[in-house]
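Coordinate-derived values only; no laboratory data. Quick caveat, the model's predicted, so the values are computed rather than measured. Glycine gets a Cβ as well: all are built from the backbone with ideal geometry, and neighbour counts include every protein chain shown.
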Amino acid sequence: MQINSSFLSGLTTTLNSLTTTEQDLTNELSSGVRINAVSDDPVAVGENVGLSTQLQQDASYQAAATTANSLLQVTDSALGSVVSQLTQAVSLATQGITGTENGGDISSVVTEISGLRDEVLSLANSTFQGTYIFAGSKGNTPPFTINNSTDPATVTYHGDSLGSTLQGPDGSKIQITYPGNQIFLNSSSNVLGTLNQLISDLKNGNTAGATQVAGTLSGIIAYVGQQRTTESDATNQLTDEQNTFQEQSTQLTVQQTALMQADTAQVATSLSSVETQQSGLEDAIAALEKQGSLFNLLAP
Amino acid sequence: MATLNTAWNISLSALKADQSALSTIANNTANATTPGYTEEGVVWQQADPLELPGGPVSDGVVDTGAVSQRDRVLNRAIDQQTQTQAATQARYGALEDLESIYSSAAGVSSTSTAGIGNAMSGFFGSLQQLETLPSNPSLREAVLAAANNLAQNFNAASSNLTQQQQTINGDVQDIVTQANGLLQSLAVLDAKIQSVAPNTDAGVLEDQRQQDLASLSQLIGTQQTTTERNGITLSTVAGNPLVEGGVAATLGTADIGGVTHIFLGTTDITSAVMAGGGQAGGLLQVASSDIPSALASLDTLAYQFGSEVNAQNQAGSDLNGNAGTALFTLPSSAAGSSATIAVAMTDPSLIAAAASGAGPSDGTNAIAMAALASAATINGATPSNYLAAAVSSIGSTVAEVGATNTAQQASLTQLTNQQTALSGVSLDTEATSLANMEQAYEAASKVFTILDAIVADAINLGTSTTAT
């Protein structure tokens, strides 16, 4: 049996497949990813779909949590202001009551406390990016309106008792808004009702009533402070969640890198050995071509 | 008794045989790189001895003509292996195209907007944002934009798959046209071979027939049977005749359910062609099995995902306090869902973020919709896991077919090497034969010259003269 006379074309085929390998390796080096097509490692690509999804979920949660955090900060500063307004109201009322006993003018105190009440009312109608934060689920309309024609003036709540929550990809729930009726019109600690009563009593010269109401107001300050603590607990919880997901993202990224990233040293080594093989083969082909056949040796 | 004339005849026969051999060598050398050429070997026979008084006398050499160095069994094995390998290679090529639709799944960037997986994450992410401020118009707009992006990604993937199927249909039609030409040519050649060389190798004609069979094997899978008088019949693996008794059948095509089917007269021979191999077999398998199954898994995902989201949106209240409506438009069943899924609303206020009856800034239903991301609702898997499994499954098929292709290619190369070793022209061998024949011719002519001198001597009765 004679040897296969077309071995040169066989060598060329090998050379072509080496060039393909070389291209694949170069792709891996330039992209940094060891997988050029799904079929390179179907299992890893499948896992990567899951990892990418989790990473995107975490990123979405981070963004949502940042918004929720700002929302909670607005709530916190509103409640903080409410506390300081109320404190001021109590001290003004005490001054007013003492002043009246000494024959002073009560009307300026009434005006000042009314101003503070309006301030608290406007804080109760606080918005965040266009949404009334103390309106329960009815954040599109101002939750509190006041009717000054009655004595004492009456405040009506137009919202409802629903608080909104943010749910994490792990199912964890954090309350991010608090319905206004719970904070400002609570039956045992009615912020706005008590303020209106105080104004009415002062205006009508009912100092005994005013003194009692001012005492109630001090208790209400403590109640609002408590609400503020609940809210700031939520903020802390949110920050904890954010940190947890941040950590998880970092871990997922490490996993994804380990799964998908090309081992640069290994790829470079493979590339270099492929190049060596390629140049060896090219030399062999050149040498064989130069050698030709026995015809070259025949005398003419 | 042998005479000087006998010797003269012998050297004459040697010169003739040498010339014939030289012409065969020249022809082999000339066709060294001709595709399909089979090396011809010189066959010499001792001439029958003459029975003369005084004993038998040799009568030189006879050249019985060049014979092609052909192994029909080996050639048939190559044709078979070519059919198998061509089918796998065609399928592999088509599957690689198919796989590229899912290549974004191999990306590591979490910010990329390409691909169904990312679009789905984007949609659920936008709902997560909406939880914080459910009545915020720009967050609602973002949900609709993400829903549109997702629907478009489904549509694009589906349309890519359908386009590939159409490309393959066109390829199959081209293959059938080429195959018809080859079948005609084979029928003509076969008839010629049967009339010219019913009992011997038909040389060049058989080379051409073998070449046509090799080309046909690339295109479609057939069964070959050798008949009397050196002919062949070709049929599909199911026995439908393609070439028989010097007559070729004509194949036709027709579109059935979006896939090109191959017909022999009115008989649908698609499954026989698919089983037989060749490029047609491989491509038909992709068009009728691989692409439909990829489409079906996309359809299942689009349909079940869309239905779940619709049901959840219908369970809530929109910005105006009305009951939610379907967010996606879907066909009545899964089939075709990925191609037609679209967002049903343009007004972002129709997104039912609130629980039924709750106010516009309630996000309870948005939470429920976002939670669908981790709910095992698509055939018992979460949307992301279902997609991951579909992508993995396609990747595994491609990898498997690729490995099979490599193995089959190696086996084919081995067979082809054997064939080339037997039937190919080796220039070294030809050069050696040429040198041999040159010397043999020189020797024969020398014998002739000497015999000439001897005859001249004989005529001049021992007086040497210069022969002229």
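Per residue of A:177-184, how many C-beta atoms from partner chains lie within 10 Å of its own C-beta, taken as a mean?
1
Report ³J(HN,Hα) in whole Hz for each residue of the stretch B:266-279, in order, from the Karplus equation J = 6.51 cos²θ - 1.76 cosθ + 1.60 where θ = phi - 60°; Gly and Pro get x.
9, 8, 7, 9, 4, 5, 5, 5, 5, 6, x, x, x, 4
Under the rule of at least 5 residues apart or a separate chain, name every residue whose amide H is placed under 5 Å from the amide H of residue A:33.
Those qualifying (amide H under 5 Å, at least 5 residues apart or on another chain) are A:262.
Would you compute the Debye intensity of chain A from its alpha-carbon atoms alone, equal scatterers and no solvent, and pass along log10 I(q)/I(0) at q = 0.11, 0.12, 0.15 Å⁻¹ to two decimals?
So the normalised log intensities are -0.80, -0.88, -1.10.
Under 1.5 on a/c is rounded, so check that first for the stretch B:1-97, then, if it is not, pick prolate when a/b is larger than b/c and oblate when it is not; a ≥ b ≥ c are the square roots of the alpha carbon gyration tensor eigenvalues.
Oblate.
Among the aspartates and glutamates, which fall within straight-line cross-link reach of residue B:446, defined as a Cα-Cα distance under 17 Å, with same-chain neighbours fewer than 8 residues apart omitted?
By straight Cα distance, residue B:446 reaches B:18, B:438, B:457.
Using only Cα atoms, what is the ratio of the radius of gyration of the stretch B:76-414 to 2.2 N^0.38 Å?
Working: Rg = 27.6 Å, N = 339, 2.2 N^0.38 = 20.1 Å.
Rg over 2.2 N^0.38 Å, computed on Cα atoms: 1.37.
Under the definition of Cα pairs under 8 Å and six or more residues apart, what whole-number percent is the relative contact order of the stretch B:76-414? Show your work: numbers first, answer last.
Numbers: 591 pairs, mean separation 81.0, N = 339.
That works out to 24 percent.
Pairs of Cα atoms under 8 Å, at least six residues apart: use those to get the relative contact order of chain A, whole percent.
25 percent
At 25 °C and 0.890 mPa s, grab the translational diffusion coefficient of the protein assembly as shown from Stokes-Einstein with a Kirkwood Rh over Cα pairs, rounded to a whole number in µm² per second. Intermediate values should be presented prior to the final figure.
On the way: Rh = 34.8 Å.
Estimated diffusion coefficient is 70 µm²/s.
Based on Cα positions only, what radius of gyration and what Dmax would you give for the stretch B:338-442, in angstroms?
34.8, 114
Test of understanding: ordering B:253, B:88, A:145 by Cβ neighbours within 10 Å, fewest first, what list do you get?
Details: B:253 17, B:88 23, A:145 13.
Going from least to most buried by this count: A:145, B:253, B:88.
Run lengths n ≥ 4 of DSSP H only: what is the helix-derived mean residue ellipticity at 222 nm for the protein assembly as shown, with -39500 (n - 2.57) per run over all residues, to the nearest 500?
-22000 deg cm²/dmol
List, in order, the whole-Hz ³J(HN,Hα) value for each residue of the stretch B:179-189 obtained from phi through the Karplus relation with A = 6.51, B = -1.76, C = 1.60 and θ = phi - 60°; use x for Gly and Pro.
4, 4, x, 5, 4, 4, 4, 5, 5, 5, 4
Calculate how large, on average over all directions, the projected area of the Cα convex hull of the stretch B:315-388 is; give the answer in nm² to one decimal.
5.6 nm²
Would you tally the net charge around residue B:395, using a Cβ to Cβ cut-off of less than 10 Å, leaving residue B:395 out, and scoring K and R as +1, D and E as -1?
On the way: positive: none; negative: A:40, A:41, B:99, B:400.
Cβ neighbours under 10 Å give a net charge of -4.
Given R₀ = 45 Å, FRET efficiency for residue B:414-residue B:4 by Cβ-Cβ distance, to 0.05?
Working: r = 57 Å, r/R0 = 1.26.
Computed FRET efficiency for residue B:414 and residue B:4: 0.20.
Taking 1 over the mean of 1/r across every pair of different Cα atoms in the stretch B:160-309, what Kirkwood radius in Å do you get? Mind showing how you got there, number by number?
Details: mean 1/r = 0.0594 Å⁻¹.
This gives a value of 16.8 Å.
Between residue B:457 and residue B:238, what length comes free when the chain is fully extended (0.36 nm per residue of separation minus the Cα-Cα distance, one decimal in nm)?
Stretched fully, the residue B:457-residue B:238 segment lengthens by 71.1 nm.
In Å, what Rg and Dmax follow from the Cα atoms of the stretch A:94-161?
Calculated on Cα positions, Rg and Dmax stand at 16.0, 49 Å.
List every residue whose amide H lies under 5 Å from the amide H of residue A:185, counting only residues 5 or more places away in sequence or on a different chain, with H placed 1.01 Å from N in the peptide plane.
For residue A:185, the qualifying residues are A:191.
Given R₀ = 56 Å, what would the calculated FRET efficiency be for residue B:51 paired with residue A:20, taking r from the Cβ atoms and rounding to 0.05?
Calculated value: 0.20.
For the stretch B:209-274, compute Rh as the Kirkwood radius over C-alpha pairs and then the Stokes-Einstein diffusion coefficient at 25 °C and 0.890 mPa s; write the answer in µm²/s, rounded to an integer.
Approximately 193 µm²/s, per Stokes-Einstein.
Could you check which residue among A:48, A:186, A:148 shows the biggest mean-square fluctuation in a GNM of chain A with a 10 Å Cα cutoff?
Evaluated over chain A, the most mobile residue of the options is A:148.
Taking R0 as 41 Å, what's the FRET efficiency between residue B:307 and residue A:223 from their Cβ-Cβ distance, rounded to 0.05?
Computed FRET efficiency for residue B:307 and residue A:223: 0.30.
Got a sec? How would B:343, A:120 order by Cβ neighbour count within 10 Å, fewest to most?
Final ranking by Cβ density, sparse to dense: B:343, A:120.
Could you tell me whether the stretch B:13-169 comes out rounded, prolate or oblate from its Cα gyration tensor? Rule is a ≥ b ≥ c as square roots of the eigenvalues, rounded for a/c under 1.5, then prolate if a/b exceeds b/c, otherwise oblate. Could the numbers behind the result be given before it?
Working: a/c = 7.72, a/b = 6.54, b/c = 1.18.
Cα axes put the stretch B:13-169 in the prolate bin.
In terms of modelled amide H atoms, which long-range or inter-chain residues lie less than 5 Å from the amide H of residue B:328?
B:310, B:344
When Cβ neighbours within 10 Å are restricted to other protein chains, what is their mean count per residue of peptide B:431-442?
Values: counts 7, 4, 0, 3, 5, 0, 0, 2, 0, 0, 0, 0.
Counting other chains' Cβ atoms within 10 Å and averaging over B:431-442 gives 2.
For the stretch B:177-227, what value does the Rg/Rh ratio take when both radii are computed over Cα atoms and Rh is the Kirkwood radius, given to two decimals?
Here Rg/Rh amounts to 0.97.
With the cut-off at 1.5 for a/c, could you classify the stretch B:239-286 from its C-alpha gyration tensor as rounded, prolate or oblate?
Because a/c hits 1.5 or more and a/b fails to exceed b/c, the stretch B:239-286 counts as oblate.
Residue by residue through the stretch B:151-162, which ³J(HN,Hα) values in whole Hz follow from phi under the Karplus form 6.51 cos²θ - 1.76 cosθ + 1.60 (θ = phi - 60°), with glycine and proline marked x?
Each residue of the stretch B:151-162 in turn: 4, 5, 5, 4, 4, 5, 4, 5, 5, 4, 5, 5 Hz.
For peptide A:140-147, compute the average count of partner chain beta-carbon atoms within 10 Å of each residue's beta-carbon.
1
Report the net charge of residues surrounding residue B:441, where surrounding means a beta-carbon distance below 12 angstrom and charges are Lys +1, Arg +1, Asp -1, Glu -1.
In short, -1.
Would you kindly calculate the translational diffusion coefficient of the stretch A:108-249, applying Stokes-Einstein with the Kirkwood radius from alpha carbon pairs, for 37 °C and a viscosity of 0.692 mPa s, and quote it in µm² s⁻¹ without decimals?
It diffuses with D of about 196 µm²/s by this estimate.
Would you please state which residues of the stretch A:112-145 a label at residue A:161 would reach in this model, taking the label point 7 Å out along Cα→Cβ and a backbone N cut-off of under 14 Å?
Once the point is set 7 Å along Cα→Cβ of residue A:161, A:136-137 turn out to lie under 14 Å by backbone N, inside the stretch A:112-145.
For B:398, A:191, what's the fewest-to-most ordering of other Cβ within 10 Å of each Cβ?
Sorted ascending by nearby Cβ count, the order is B:398, A:191.
Specify which residue in the list A:169, A:194, A:136 is farthest towards the positive end of the charge dipole of chain A, using unit charges on the beta carbon of Lys, Arg (+1) and Asp, Glu (-1), about the Cα centre.
It is A:194.
Taking Cα centroids, how far is the stretch B:164-182 from the stretch B:244-285 in Å?
Result: 10 Å between the Cα centres.
Would you mind putting B:272-280, A:291-299, A:126-134 in packing order, based on average other-beta-carbon counts within 10 Å, highest first?
Highest-to-lowest ranking by the protection proxy: B:272-280, A:126-134, A:291-299.
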